[in-house]
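Notes follow once the structure below has been shown.
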Amino acid sequence: MTNHAAALAWQRTVVSTGLFDGIHLDVEPYLTDGWTTDLPATEAAYLKLLDRMRGASTLPLEADVPFWFGQYRVGRKNLADEVLRRVNGVTVMSYRDTATGPNSLLDVSSDWLARGKAAGKRVRLAAETGPLADCSYCTFHEEGMAALTLELAKVDAATRQTAAFGGIAVHHYGTWRSLPA
């Protein structure tokens with residue numbers, strides 16, 4: 001996130017292959033020291049990166065986002081809204097192992113779905129399949145493939161008619177494929 005030149009060089013290389021129809025970023029500014037030491041500058045740098053990436057290509061730009069970005073302000077504006085203004089769509093890291101109810105995949109994603117609808121942007125919801133030692137309810141690693149399939153079908157059924165819903169993403173193909181039945 002801090003090296004915009006490297007990100008733009010990567011984008012130019014990727015776009016020049018002609019193999020892709022979009023750019024999808026997984027940039028997590030909250031993992032940098034600046035998130036705790038200088039939040040306004042870190043937010044501004046992240047949004048500037050999105051601006052630069054969007055301006056450097058005609059391909060659609062999407063970004064992975066945490067479900068809680070809506071709790072942050074950028075000046076007088078909301079960080080989630082500012083991200084949506086700069087991208088064509090988002091994938092919400094809505095990592096939970098239940099589809100509905102309190103603290104579920106749909107519950108933690110509801111803010112993004114509402115913001116996506118208002119902005120006319122697609123919102124994809126993501127599930128985690130890898131082991132997470134600090135958050136067992138955030139992954140399907142312990143529950144297995146049958147539970148993942150069942151819960152994601154519930155998400156799909158509950159959101160199918162939601163204007164912003166863009167589908168489901170599963171984090172980590174390798175762990176997804178190796179989940180126990």
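Taking 162, 36 and ordering them by how much accessible surface each has at a 1.4 Å probe, largest first, produces 36, 162.
Kirkwood hydrodynamic radius of region 1-114, from the reciprocal of the average inverse Cα-Cα distance over all distinct pairs: 15.1 Å. In terms of accessible area, using a 1.4 Å probe and ignoring ligands and nucleic acids, 137, 46, 95 rank largest first as 137, 95, 46.
For residue 20, the shell of other residues with beta-carbons less than 13 Å away shows a net charge of -1, using +1 for Lys and Arg and -1 for Asp and Glu. Secondary-structure-derived ellipticity at 222 nm for the chain, considering helices only, amounts to -13000 deg cm²/dmol, per-run term -39500 (n - 2.57) for DSSP H runs with n ≥ 4. Size descriptor for region 47-94, Kirkwood hydrodynamic radius: 11.1 Å (Cα pairs only, one decimal).
Within the shell defined by Cβ-Cβ distances under 12 Å, the residues around residue 140 carry a net charge of -4, with Lys and Arg each +1 and Asp and Glu each -1.
Taking the chain as the region of interest, the number of lysine pairs whose Cα atoms are within less than 20 Å, with members eight or more places apart or on different chains, is 4. Averaging Cα coordinates gives a centre for region 138-153 and one for region 1-38; these two points are 30 Å apart. The tail of the calculated P(r) for region 45-171 beyond 17 Å holds 57 percent of all Cα-Cα pairs. Spherically averaged projected area of the convex hull of Cα atoms, region 126-181: 3.9 nm². Dipole size of the chain about its Cα centre, with +1 on Lys/Arg Cβ and -1 on Asp/Glu Cβ: approximately 840 debye, rounded to the nearest 20.
Residues whose amide H comes within less than 5 Å of that of residue 24, counting only those at least five positions distant or on another chain, are 62 (H built at 1.01 Å from N in the peptide plane). Ranking 10, 68, 35 from most to least accessible surface, computed with a 1.4 Å probe over the protein chains only, gives 10, 68, 35.
Counting only heavy atoms of the protein chains and using a 1.4 Å probe, residue 121 has close to 40 Å² of accessible surface.
The values are calculated or read from the model by the stated rules, or taken from the named source; none is laboratory data. Just so it is clear, the structure is predicted and the values come from calculations on it, not from any experiment. Heads up, the Cβs are rebuilt from the backbone with ideal geometry, glycines too, and the neighbour counts pull from every protein chain shown. Quick note on the areas: whole protein, heavy atoms, side chains included, nothing else; ligands and nucleic acids left out. Shrake-Rupley method; radii C 1.70, N 1.55, O 1.52, S 1.80 Å.
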